[in-house]
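Worksheet: the structure to be examined is printed underneath.
The values are calculated or read from the model by the stated rules, or taken from the named source; none is laboratory data. None of these values were measured; they are calculated from a predicted model. A quick note on method: Cβ atoms are made from the backbone with ideal geometry, for glycine too, and the neighbour counts reach across all protein chains shown.
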Amino acid sequence: MLMALLIGWLFLRGHGGADYWFLGGRTPHQIREEVAKVVPDKEIQNTTNYNLGLIEKTYKDLESERSKLEKDVLAALERHDTPKEQFHRFEAQADEIDATATKSMLDVRFVMREQLSAAQWRALFAPPTAP
Amino acid sequence: MRRYHSQQIPVVAACRQRPGLQSVLMNPLLSCELVLLMCVACASHHIPPKELLEANLEAMQEAVSAKVPDTQRAARLNKSINELGQQLLSFQVDRDRFQSDFLALNARADVTRAELESRIEQFDKRRVATRARVFELHAELIAATNAEDWKKLFPYERAVLTESKE
């Protein structure tokens with residue numbers, strides 16, 4: 001688990017870290033390799049890969065917001081005199097980032113789903129099996 | 001909670017068993033510090049999240065005993081740290097269950113957006129409640145310390161909250 005508890009999960013529900021947990025721990029690059037095997041139609045391959053690129057870009061953009069939030073929250077926790085209201089502001093800021101990211105990711109997820117057959121979807125996004 | 005001694009870290013153990021390893025370095029004291037830093041960085045990537053959290057919570061309680069001489073304040077701090085541990089350990093379980101449920105739902109070709117949003121919303125209620133309680137417990141730690149104490153204890157809280165090693 002690469003995402004830190006406080007910022008990664010209590011604040012951003014896993015958004016913006018190095019691990020794409022919602023892809024079952026695989027990277028968009030690894031999914032693209034699977035797309036090449038599972039989806040024979042080149043045009044659908046391209047649109048699927050484009051959408052994977054959108055996910056990647058959203059996450060890279062989020063990473064800088066997440067890093068800044070983490071730095072600010074840790075600095076506030078370190079100070080002995082930080083007012084409680086400051087933490088409420090961080091919570092509101094995080095919730096805004098999270099809501100936008102969640103909507104974007106679900107939008108892309110359902111666009112991708114429409115472009116693939118049910119069998120292709122299941123092949124690409126089967127949940128990881130327990131070790 | 002499981003305690004991680006430096007002897008359990010392989011490179012430290014190797015250093016102790018083979019002092020000659022140190023003598024090849026210019027400054028043995030510095031080299032040992034560097035080795036320890038490397039070990040801690042490696043260890044935090046290999047310890048399962050639950051065990052790392054438990055080890056960090058225990059380290060924080062040990063730091064309270066060592067750095068806060070006032071026994072009443074130390075007791076207040078340890079009570080808050082205990083609850084912080086319960087909250088975070090329970091949240092780790094929720095987080096893992098949420099990930100697993102979400103991946104299973106996402107794999108279904110016929111899942112609706114409402115179903116996914118509903119699972120996210122369910123997890124978020126718990127997440128937001130835990131987050132609020134974590135900040136309340138942080139406020140309790142602040143109230144039970146002075147600025148000087150907190151300077152010594154904060155690195156341990158940071159390690160707990162960031163799932164890293166102090």
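Going through (1) within 11 Å of chain A (Cβ to nearest Cβ); (2) touching a Pro at 6+ places or on another chain (Cβ under 9 Å); (3) at pLDDT 95 or above one by one, residue B:63 falls short only on (1). Counting just the residues of the range B:96-118 that are more than 7 Å from chain A (Cβ to nearest Cβ) and surrounded by 17 or more Cβ atoms within 10 Å (Cβ to Cβ), which one comes out modelled with the lowest pLDDT? The residue in question is B:98. Output yes when any residue across the range B:104-120 is touching a Ser or Thr at 6+ places or on another chain (Cβ under 9 Å) and touching a residue at least 40 places away in the same chain (Cβ under 8 Å), and no when none is. The answer is no; no qualifying residue exists.
If you go through the range A:59-93 and pick out every residue that is out of contact with any helix residue (DSSP H, G or I) (no Cβ under 6 Å at 6 or more places or on another chain) and in a loop (DSSP other than H, G, I, E, B), you end up with 3. A residue that is surrounded by fewer than 18 Cβ atoms within 10 Å (Cβ to Cβ), more than 16 Å from residue B:64 (Cβ to Cβ) and within 10 Å of chain A (Cβ to nearest Cβ) can be found somewhere in the range B:137-145. Do we have residue A:99 as out of contact with any Lys or Arg (no Cβ under 7 Å at 6 or more places or on another chain), assigned to a helix (DSSP H, G or I) and under 30 Å from residue B:152 (Cα atoms) here? The answer is no for residue A:99. Just so you know, in the range B:119-129 the residues that are within 11 Å of chain A (Cβ to nearest Cβ) and not basic (Lys, Arg) include one that is surrounded by the fewest Cβ atoms within 10 Å (Cβ to Cβ), and it is B:121. Taken over the range B:152-166, the residue count meeting the criterion of being more than 8 Å from chain A (Cβ to nearest Cβ) and not aliphatic (A, V, I, L, M) is 5.
Taking (1) without any contact (Cβ under 8 Å) to a residue 12 or more places away in the chain; (2) of a type outside the set (Ser, Thr, Tyr); (3) farther than 17 Å from residue A:25 by Cα; (4) more than 8 Å from chain B (Cβ to nearest Cβ) in turn, residue A:60 satisfies each apart from (3). Residues that are exposed (fewer than 14 other Cβ atoms within 10 Å of the Cβ), farther than 28 Å from residue A:85 by Cα and of a type outside the set (D, E, K, R) occur at least once in the range B:80-93.
Could you tell me which residue of the range A:79-99 is farthest from the other protein chains (Cβ to nearest Cβ), considering only residues that are hydrophobic (A, V, I, L, M, F, W, C), surrounded by 14 or more Cβ atoms within 10 Å (Cβ to Cβ) and within 20 Å of the chain's Cα centre (by Cα)?
Of the range A:79-99, the ones hydrophobic (A, V, I, L, M, F, W, C) are A:87, A:90, A:92, A:94, A:97, A:99.
Adding the requirement that they be surrounded by 14 or more Cβ atoms within 10 Å (Cβ to Cβ) leaves A:87, A:90, A:94, A:97.
Then keep just the ones that are within 20 Å of the chain's Cα centre (by Cα); that gives A:90, A:94, A:97.
Values: A:90: 9, A:94: 9, A:97: 14 Å.
Selected residue: A:97.
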